[in-house]
């Protein structure tokens, strides 16, 4: 029987960790992800789980220890945010190229400067090309469910890649929401035990992890890694289908909200989608054909599927919570636009910066975006530069 509860996003992640009971968790505290290792270490002290917690001196050490534990055959996780993720940078690439299915809870927070501790996607988006699977959540329920699915995806024999489970700092990580918790035993069976085929401590097996590779071998390894990311697309869908059969919760690459007949759409990631849904509901009562495409999976990037979902739109606004400093917009905007171009979508497109460093975004501002999309489709409005939503003069 499902259990109705109220908890924060960080607590929801910790509850999923409790149900999974991984082998090893190295972690170093950084706001706003600090609560996750705090919750886990408390569970360990109380005898609720048998996870080995490793206190380390930095985030670089945390990911290094996670890599060592995973290479030794242990189911491993860690958690971080912002500068902590940046401090792991070198080892992120090593873990991915070594094909180690580490799970990392990323509580999104802006990278400096100026120094700011609030929600932004610049940390995980900056690591988008490191070879990690990336899945994002709108709500506390979603980050809990995503974490329960994470190991099934990462550990799949055709994938074997590390995975980031992302949520917006403070907005979901610390805010308390209603949540449905699934029973322990069905979830334990769903996740299953980790039984790696190859690992460093396996008796009578000689292997190396992260060896030096000459030019004559390295390119083939990178192609295999790229193929694993391609394989992850079907695995993500298969795991989501099995999770839906167990819980009734439906997941995929993205959520289509009122997109059946939408002429004007917003594409976004994370907690902003709740406000967008409110705007859509308001405008639908006025007869406006508006919708939302909420991206859940950013790596692997489902370009063809996104383009197909947007093919009938007249105008699309892609909302980024991370500035890529390319002079063209943000990472989500670049990838969605490229996918639409390859699919020969005819919609007008604008990339919008919003919510940087935790700036609030109001429902009324989102409704104005839809009004601008109507004007764009009618040829009455163009943008010389990509706009910043709510920017002071």
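The values are calculated or read from the model by the stated rules, or taken from the named source; none is laboratory data. Just so we're clear, the structure is a prediction, and the values are computed from it rather than from any experiment. Glycine also receives a Cβ, built like all others from the backbone with ideal geometry; neighbour counts cover every protein chain displayed.
None of 129, 238, 145 is loosely packed, with under 14 Cβ neighbours inside 10 Å, on the phi < 0 side of the Ramachandran plot, under 14 Å from the mean Cα position of the chain (by Cα) and not assigned by TED's automatic domain parsing to the domain that holds residue 300 except 129. Of all residues in the range 348-359, how many are touching a residue at least 40 places away in the same chain (Cβ under 8 Å) and crowded, with 20+ Cβ neighbours inside 10 Å? Of the residues in the range 348-359, 3 are touching a residue at least 40 places away in the same chain (Cβ under 8 Å) and crowded, with 20+ Cβ neighbours inside 10 Å.
Taking the criterion of being under 20 Å from residue 101 (Cβ atoms) and assigned to a loop (DSSP other than H, G, I, E, B), the residues of the range 130-144 that qualify are 130, 131, 132, 137. Of all residues assigned to the range 17-35, at least one qualifies as being at positive phi and at pLDDT 95 or above. Filtering the range 22-51 to residues that are without any contact (Cβ under 8 Å) to a residue 40 or more places away in the chain and touching a helix residue (DSSP H, G or I) at 6+ places or on another chain (Cβ under 8 Å) leaves 29, 39, 40, 43, 48, 49, 50, 51.
If a residue counts only when it is assigned by TED's automatic domain parsing to the domain that holds residue 146 and more than 22 Å from residue 138 (Cα to Cα), which strands (runs of 3 or more DSSP E) contained entirely in the range 1-77 have at least 1 such residues?
Details: elements: 3-8, 24-27, 52-55.
Result: 24-27, 52-55.
Applying the set (1) assigned by TED's automatic domain parsing to the domain that holds residue 306; (2) surrounded by 12 or more Cβ atoms within 10 Å (Cβ to Cβ); (3) not in a strand (DSSP E or B) to residue 260 leaves exactly one unmet item: (2). A count restricted to the range 366-392 and to residues that are free of Cβ contacts under 8 Å to residues at least 40 places away in the same chain and farther than 19 Å from residue 329 by Cα stands at 6.
In summary, residue 105 fulfils each of the numbered conditions (1) assigned to a helix (DSSP H, G or I); (2) closer than 29 Å to residue 195 by Cβ with the single exception of condition (1). When each of 119, 150, 95 is tested for being in a loop (DSSP other than H, G, I, E, B), crowded, with 24+ Cβ neighbours inside 10 Å and at pLDDT 95 or above, the lone residue that passes is 119. Residue 119 - would you say it is touching a strand residue (DSSP E or B) at 6+ places or on another chain (Cβ under 6 Å), farther than 20 Å from residue 5 by Cα and free of Cβ contacts under 8 Å to residues at least 60 places away in the same chain? Judged against the criteria, residue 119 is not a match. Taken residue by residue, the range 342-350 has at least one member that is part of a helix (DSSP H, G or I) and in contact with a helix residue (DSSP H, G or I) (Cβ under 9 Å, 6 or more places away or on another chain).
For the range 325-336, the set of residues classified as farther than 16 Å from residue 119 by Cα, touching a helix residue (DSSP H, G or I) at 6+ places or on another chain (Cβ under 9 Å) and in a loop (DSSP other than H, G, I, E, B) consists of 326, 328, 329, listed by residue number.
Report, ordered by the first and then the second residue, all pairs with beta carbons closer than 9 Å, sequence separation of six or more or different chains, a first member in the range 179-206 that is under 15 Å from residue 23 (Cβ atoms), and a second member that is exposed (fewer than 14 other Cβ atoms within 10 Å of the Cβ). The qualifying pairs are 196/202; 199/205; 199/207; 200/207; 200/208.
Inside the range 168-200, residues that are loosely packed, with under 10 Cβ neighbours inside 10 Å and part of a loop (DSSP other than H, G, I, E, B) make up a count of 3. Could you please let me know if residue 228 is free of Cβ contacts under 8 Å to residues at least 60 places away in the same chain, assigned to a helix (DSSP H, G or I), within 25 Å of the chain's Cα centre (by Cα) and closer than 27 Å to residue 136 by Cβ? No: the conditions fail for residue 228.
Reported count of residues in the range 263-295, each being crowded, with 21+ Cβ neighbours inside 10 Å and in contact with a strand residue (DSSP E or B) (Cβ under 7 Å, 6 or more places away or on another chain), is 18. Does residue 336 satisfy the criteria of being within 24 Å of residue 96 (Cβ to Cβ) and either in contact with a strand residue (DSSP E or B) (Cβ under 7 Å, 6 or more places away or on another chain) or assigned by TED's automatic domain parsing to the domain that holds residue 171 (or both)? Here the answer is yes, as residue 336 does meet what is asked.
When 14, 45 are screened for being modelled with pLDDT of 95 or more and surrounded by 18 or more Cβ atoms within 10 Å (Cβ to Cβ), only 14 passes.
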